[in-house]
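Working notes, structure below.
The values are calculated or read from the model by the stated rules, or taken from the named source; none is laboratory data. Quick caveat, the model's predicted, so the values are computed rather than measured. Here the Cβ positions follow ideal geometry from the backbone for every residue, glycine too, while neighbour counts run over all protein chains shown. Protein only, heavy atoms only, side chains kept; ligands, DNA and RNA dropped before computing areas. Shrake-Rupley method; radii C 1.70, N 1.55, O 1.52, S 1.80 Å.
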Amino acid sequence: MRTCIFLSGFFTLCLLLSACERNEPQPGSAAIVTDARLVNADAEPHNWLNHGRTYNEQRFSPLTQINDGNVAQLKLAWHLDLPTKRGLEATPLMADGRMYTTGTWSRVYAVDAASGEMLWEYDPQVPPQKGIDACCDVVNRGVALWRDRVYVGTLDGRLIALNAMSGTEVWSVQTTPSARRYTITGAPRVVNGKVLIGNGGAEFDARGYVTAYDAATGEQLWRFYTVPGDPSLPFENPILEQAATTWTGEWWQYGGGGTVWDAITYDPELNLVYLGVGNGTPWNRRVRSPGGGDNLFLASIVAVNADTGAYVWHYQTAPGDTWDFTATQHIMLADLELNGEARKVLMQAPKNGFFYVIDRTDGELLSAEPFVEVNWATHIDMRTGRPVETPNARYQDGEFASSPAAPGGHNWHPMAYHPGAGLVYIPAQDLPWVYKEVEQFEFSKVTTNTGLDPIIASMPEDPAIQEEISKLLKGYLLAWDPREQKARWTVELPIAWNGGALATAGNLVFQGTSHGEFIAYTADTGARLWAHDAQTAVLAGPVTYQVDGKQYVAVMAGYGTAFGIESGIVAKWAGVRALNRIVAYTLDGTAELPPLAPLPEPPLPPAHRADAQTVALGKLRYHQYCSRCHGDASISAGVLPDLRHLDADTHALWDAIVRGGARFDQGMPGFAAHLEQTDTDAIHAYVIKRAHDPEYMPAKQEPRK
Ligand code: CA
């Protein structure tokens, strides 16, 4: 609207206003992102209008100015440093010279895409206590554009429409029940004038769903629940009544899970939306659904009608999930020739380690093969479409060391597809874990509800065992041939949890790493051609665009995210600082990053005097209540405070902070309702003891000073 109002003359104004009501491109109003532009985004290679550039979410750009012949000369064009820390996961969008992206705590930024100048920023003021409801850091994966608006989902469950020119709020709706522990970290998608948004919280008490809102007004149009509710109440639709027959016990008491926290992919040709559905609440099926059952639609891809949200088909990747094997990962559409036949497929590499090619018209499984080390199933039975599980994969007879495990063979980091090379680039990893059932499950309103022993997946303190484990943990960029279902090439990286991928017609693949490099490879052979040190992890999906005839490659850089805050020593191997910045590169760039100031020496810890019993209680409580943010085994990778290295004032205020909430404003809530002083004293004793333990650091990656 705003673009119209700027034009002078009464008749012009009226004509343009009426034209704006129809979703058509307006001459001279380049900032209006119409439905037609979103559908035809491939015809605008200079822009990046949708989350995966085009609706097929291939993250492939036809731009060739930067190519395999000249990428070695790629230089930093600009960097925009943000005054925040913690994880950055957003894919920036770029429309007509303006970049729109998100940072920590659901903040939105509009940036001049050529200069890096901040045009406006919007802080939705998410309450600090919401931080502990985020399983995996206070991250956000980006915005959606439509007309003259920018849409963001916030950590506290709001969907907000902003004016793209000014960053001022147009409308805001609460999409989740505020009293529950739902969050939003995923990017909204705009489909035919509707904004689609999912949510997260399946580690806590959520029942997953996706909602469509009128993009113009915020009015709710449809909602699709991914799991059935209390069967004594009316079901929202007939498919949920059918789904309820695959559940047992009283799953609805915990929410059930099945949140759609990332992949929502629209298919304009079939008018379907494919939803990637997450794990159950709690993870352990024997707690959640004690009589067994597939627990639909957990860990499934569900196709729904884009206009109505009505169920069309589903494919379940992990029936009766008990490992946190979400199928929320990137869903990518392509038309592939398979056995001489043209097939409309979707492709996904979910956490469970199998790469799936599925007919997206009807959900028929076409092929599935392991893309990483897999030991929980031998293969997918193509007759039934179900995994064939190995003995004790469900840890029913004691501990099971599973590959993959909850971090996934592939997580949220977007893949990319190069249609010419015929390859899908997967940020893949081996991060095995030990699963063991908790002795007595108690539903928690403040910690995670996994139904697992809270300490079992923690890194053992014995350096010799750590050395053995460190050899099993791997990260790599995998160029996967989806027709042949095999790797064409693989680049092994220093540690796991590396960045999203971008493919270009310049025969290039770009990927960031957790150890801070942003790297370009040839798309066909995986030859490393160029790298830049971003001084912090580069985990998000990169984009490329063109302004005034010049091609840029840009990406969000920052440490944190689930891995960076939770993984303790394994996260520290990255050896990077917890900075937040946007970096953009061109062939003629002249910018440079400022040198890093040396880190101050950590304060010396108080004396360790506690007895072994107190330390053991502290270790248990630490891994129940603290490790998800402060790091496994009380080792922080520098994103949130390392409790081993606090100053004397903080030690003195320990109970006032941990139970009393004295650092509430910094996102540290008080746990008085959940912990006694004996618990917090024991946690204190444990972290002080850990401060006196030698810190194991294998020579995987030299820490950056
Ligand atoms: Ca999960």
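For this structure, a couple of remarks:
- Counting protein heavy atoms only, the chain has 52 percent of its accessible area on carbon and sulfur, 1.4 angstrom probe.
- Charge dipole of region 416-488 about the Cα centre (unit charges at C-beta), most positive-ward option of W433, F443, L473: L473
- Distant-in-sequence amide contacts of M332, defined by a placed amide H-H separation under 5 Å and a gap of 5 or more residues or a different chain, comprise M347.
- For K550, the lysines whose Cα falls under 19 Å of its own Cα, not counting residues fewer than eight places away in the same chain, are K75.
- Accessible surface, the chain, averaged per residue in Å² (probe 1.4 Å): 36 Å²
- Around R628: net Lys/Arg minus Asp/Glu count, Cβ-Cβ under 10 Å: -4
- C135 contributes about 40 Å² of solvent-accessible surface, heavy atoms of the protein only, 1.4 Å probe.
- The packing ranking of peptides 607-614, 167-174, highest mean first, is 167-174, 607-614, where packing means the average number of other beta carbon atoms within 10 angstrom of each residue.
- Cross-link pairs beyond the 26 Å C-alpha cut-off, checked among K572/K619; K445/K471; K351/K474: K445/K471
- Look at the Cα gyration tensor of region 296-346: its axes a ≥ b ≥ c give a/c of at least 1.5 with a/b at or below b/c, and that counts as oblate.
- Rounded to the nearest 20 debye, the dipole magnitude of the chain is 580 debye, with +1 charges on Lys and Arg beta carbons, -1 on Asp and Glu beta carbons, and the Cα centre as origin.
- Under-5 Å amide H pairs with R343, H placed in peptide plane, nonlocal only: L336, E337, L338
- Each stretch of four or more DSSP H residues adds -39500 (n - 2.57); spread over every residue of the chain, this sum gives -3500 deg cm²/dmol at 222 nm.
- Here the Karplus relation 6.51 cos²θ - 1.76 cosθ + 1.60, evaluated at θ = phi - 60°, turns the backbone of region 582-597 into coupling constants of 9, 10, 9, 10, 9, 6, 10, x, 10, 7, 9, 7, x, x, 7, 6 Hz, with x for every Gly and Pro.
- Farthest towards the positive end of the charge dipole of the chain, among the residues A534, G256, V687, is the Cα of A534, using unit charges on the Cβ of Lys, Arg, Asp and Glu.
- Shape of the chain from the C-alpha gyration tensor: rounded (a/c under 1.5, with a ≥ b ≥ c the square roots of its eigenvalues).
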